[in-house]
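First up is the structure itself, then whatever we jot down about it.
The values are calculated or read from the model by the stated rules, or taken from the named source; none is laboratory data. What you see is a predicted model, and the numbers here were worked out from it, not measured in a lab. Reconstructed Cβ throughout: ideal geometry from the backbone, glycine too, with neighbour counts over all protein chains shown.
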């Protein structure tokens, strides 16, 4: 429809949706559609920096990993790190990107204290790769009933150097600069705005994290800033062009991505419902208070004065053959080195072990659990579902209860094999299994689960005579429940079994005990 047919309250929105200052107070809040796009910076896992020979490490002594180039000393020149290019290409190929035969470097000018040269070397105009896609599964237990597939398009992937880090001393009222991170190798992945909410964004980041870890391209340690996420969030009416957006900078965790975007969507809905307008601004995520806070407005487009980097020649790669030289990398050769990716792992778990999709997702999302599963099923594939449930339902529950991260789990494969063997041979119950896991997590010494069960007297009673005796004791001590059962109230049977479990500290084989209890009740 033409502009003259649009209601006055929406005229400015259609005329210029990116600078819209109009009110939508007459539009129902429920009708707003949220649009999310991500920009992710991943630090490449190399020994040295992108353009210098300084060590690329985390947690070193302040200003100890700094080359003359990183400090912008006059007369120093950048030299491109070949390994960085290899890892960036490998990541691009894993994400189905088109690797460009020729890419160039640019200077992006801005003036921060932790950017000594006054510009950042990046690839804005002719990036290393473009036009990719990432496919991922969205599933959050407690939020989604079942997983669903989603994909997001990748606009471009570019190499760039990191800046330093400003340290602010509140007591001395001064700021200091640490250049250890200056010049660290990054790839920036720019995604199209095709996500709908924070859960989808978090699922994308988790999948990307798994991919770069599989490729050994990035450590993925978010607590060290190895992967940093910026989210662009806006609301619009269905079918309308993109509207005014806000950018949330440097979100430092997967769940933080979901929470920050969820809060920002709710905040923008509230602004619009009160007749206000969403400002084009940069916001930060305050994880402690669980809200986004304003940093600076973006009403005026910042001029970074991009210009070609004069000290770096164009980067050319070989797209056709597997011939690699000292100066030119072979893309087909790098393609052959790509390992099994997370999506392939999930598909194999479902096909080879008949696992449910949500179980496969949870196993692949935690590399340690997947390693446990593969080791435990190598000799016991027929019990794969039971092993998966043990890891997801029991081990994870214990670790969460003890506030222990999965990656810090001290339980060994050997210990888990002992537990699985005892469980499958009915030497212990599931409840005892959890107790043993708790003992192992709490212990600083590598104990044997078999010995723990013996010392604690937790072995499962499978002797029929002993089980019959315990069932008779429960029947004799609970005449009212027995009478109700005989009168047709069969639901009290579970109550009798509960008494049996409690009185025997859950040491009986309940499958046998249940049958024996039913037999005895029918006889008496």
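Some notes on this structure:
- Answer residue from the stretch 50-80, given it is touching a strand residue (DSSP E or B) at 6+ places or on another chain (Cβ under 6 Å) and within 20 Å of residue 329 (Cβ to Cβ) and is surrounded by the most Cβ atoms within 10 Å (Cβ to Cβ) among those: 50
- Residues considered: 160, 86. Of these, the only one that is farther than 27 Å from residue 197 by Cβ, in contact (Cβ under 8 Å) with a residue 40 or more places away in the chain and either assigned by TED's automatic domain parsing to the domain that holds residue 359 or out of contact with any helix residue (DSSP H, G or I) (no Cβ under 7 Å at 6 or more places or on another chain) (or both) is 160.
- Test: residue 268 is more than 23 Å from the chain's Cα centre (by Cα), crowded, with 18+ Cβ neighbours inside 10 Å and either modelled with pLDDT of 90 or more or more than 29 Å from residue 120 (Cβ to Cβ) (or both): yes
- When 445, 436 are screened for being in a helix (DSSP H, G or I), under 29 Å from residue 416 (Cβ atoms) and outside the structural domain of residue 507 (by TED's automatic domain parsing), only 436 passes.
- Per the conditions (1) surrounded by 12 or more Cβ atoms within 10 Å (Cβ to Cβ); (2) out of contact with any helix residue (DSSP H, G or I) (no Cβ under 9 Å at 6 or more places or on another chain); (3) under 30 Å from residue 374 (Cβ atoms), the sole criterion not satisfied by residue 466 is (3).
Per-residue answers, yes or no, for (1) at positive phi; (2) part of a strand (DSSP E or B):
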site: 247; (1), (2): no, yes
site: 259; (1), (2): no, no
site: 265; (1), (2): no, no
site: 277; (1), (2): no, no
site: 289; (1), (2): no, no
site: 305; (1), (2): yes, no
site: 312; (1), (2): no, no
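- Any hit, the stretch 251-258, residues being crowded, with 22+ Cβ neighbours inside 10 Å, closer than 24 Å to residue 188 by Cβ and in contact (Cβ under 8 Å) with a residue 40 or more places away in the chain: yes
- Only one entry of 283, 346, 277 meets the criterion of being under 26 Å from residue 257 (Cα atoms), touching a residue at least 24 places away in the same chain (Cβ under 8 Å), surrounded by 12 or more Cβ atoms within 10 Å (Cβ to Cβ) and not assigned by TED's automatic domain parsing to the domain that holds residue 83, and that entry is 346.
- Filtered residues of the stretch 321-339 (kept if surrounded by 10 or more Cβ atoms within 10 Å (Cβ to Cβ) and assigned to a loop (DSSP other than H, G, I, E, B)): 321, 322, 323, 324, 328, 329, 337, 338, 339
- Residues that are out of contact with any strand residue (DSSP E or B) (no Cβ under 6 Å at 6 or more places or on another chain) and either at pLDDT 95 or above or buried (at least 20 other Cβ atoms within 10 Å of the Cβ) (or both), drawn from the stretch 24-42: 24
- Listed conditions (1) in the same structural domain as residue 384 (by TED's automatic domain parsing); (2) surrounded by 13 or more Cβ atoms within 10 Å (Cβ to Cβ) are all met by residue 518, apart from (1).
- A Cβ distance below 6 Å, combined with a sequence gap of six or more or placement on separate chains, defines the contacts here; from the stretch 113-132, residues that are within 18 Å of residue 95 (Cα to Cα) reach residues that are part of a loop (DSSP other than H, G, I, E, B) in the pairs 129/97; 132/95; 132/96; 132/97.
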